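Presented below is the structure to which this report refers.
The values are calculated or read from the model by the stated rules, or taken from the named source; none is laboratory data. Note that the coordinates shown come from a computational prediction; the quantities given were computed from them, not determined experimentally. Every residue, glycine among them, receives a Cβ derived from its backbone with ideal geometry; neighbour counts consider all protein chains shown.
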Amino acid sequence: MSIYVDLYAQKEIQIGDNSMSRTDYEQVCSELENTRQKDHPRAYDTLSQEEKEALQYWIEHAIRPATKADDHYSSYGLKHEYERETKLYVSNAQFKGAMLIAGYRPTEKGEQSWHFMIQPSGAEHNSVQDGAPQNKVGRVITYRSTPQGVQDTQLDALIQKALASRKGSLA
């Protein structure tokens, strides 16, 4: 599915099989307005269109819904997984907003780092040791848009566009 993340021009935002209306996004953000919420998800709106597209593509390909919350990866940990794979920096606040846009609601909105009912999209969940999800060979499962060593040309193109948009905004 194509990624469309123009928050101001579209009423409905579609990413993969999840969707959240702009109204839903605004509602969650406004619920947090009068709280002492650190890392407010509205910071997502400060990303360029190209940065949003790269981030939403990664979420769509690295994460899928689950029946229980992933207690090992918070929004803060997931943002680092995104940064490791793409070399694009996003704040915890921006990542939280992106997860809302992708249709994932936090299990506890009052926390600084949010947990979601998610799992890695490409992971084989066959064993768990010491509480950390692992694959068949005992490696800890991480969130990635593609398996380690596999090239994703579409993600690479989105990364290049995001980097170019950053350079353009600095000029």
- Inside segment 61-96, can you point out the residues that are closer than 20 Å to G110 by Cα, in a helix (DSSP H, G or I) and out of contact with any His (no Cβ under 6 Å at 6 or more places or on another chain)? S75, Y76, G77, L78, K79, N92, Q94, F95, K96
- Is there any pair linking a residue in segment 96-122 that is under 21 Å from A54 (Cα atoms) and without any contact (Cβ under 8 Å) to a residue 12 or more places away in the chain to one that is among the charged types (D, E, K, R) and surrounded by 20 or more Cβ atoms within 10 Å (Cβ to Cβ), with Cβ under 8 Å and at least six apart or on different chains, and which? none
- Message: Tell me yes or no: at least one residue of segment 31-40 is surrounded by fewer than 19 Cβ atoms within 10 Å (Cβ to Cβ) and either within 28 Å of A157 (Cβ to Cβ) or β-branched (V, I, T) (or both).
- Response: yes
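Just the residues that are closer than 18 Å to E26 by Cβ and not in a helix (DSSP H, G or I), please, taken from segment 39-60. Reasoning before the result, please.
The initial filter retains those residues of segment 39-60 that are closer than 18 Å to E26 by Cβ, namely 39-47, 52, 56.
Result: D39, H40, L47.
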- Query: What residue, among those in segment 118-155 that are modelled with pLDDT of 90 or more and out of contact with any helix residue (DSSP H, G or I) (no Cβ under 9 Å at 6 or more places or on another chain), is surrounded by the most Cβ atoms within 10 Å (Cβ to Cβ)?
  - Reply: Q119
- Contact list, first residue from segment 153-169 and closer than 10 Å to S48 by Cα and in contact (Cβ under 8 Å) with a residue 40 or more places away in the chain, second anywhere and aliphatic (A, V, I, L, M) and surrounded by 12 or more Cβ atoms within 10 Å (Cβ to Cβ), beta-carbon distance below 7 Å, six or more apart or interchain, is A162/A54; A162/L88
- Task: Just give me the residues in segment 15-30 being at pLDDT below 50 and surrounded by fewer than 17 Cβ atoms within 10 Å (Cβ to Cβ), in sequence order.
- Result: D17
- Task: State yes or no: is L100 modelled with pLDDT under 95 and part of a helix (DSSP H, G or I)?
- Result: yes
- Task: Considering only residues that are aliphatic (A, V, I, L, M) and more than 11 Å from the chain's Cα centre (by Cα), look in segment 41-84 and name the one that is surrounded by the fewest Cβ atoms within 10 Å (Cβ to Cβ).
- Result: A66
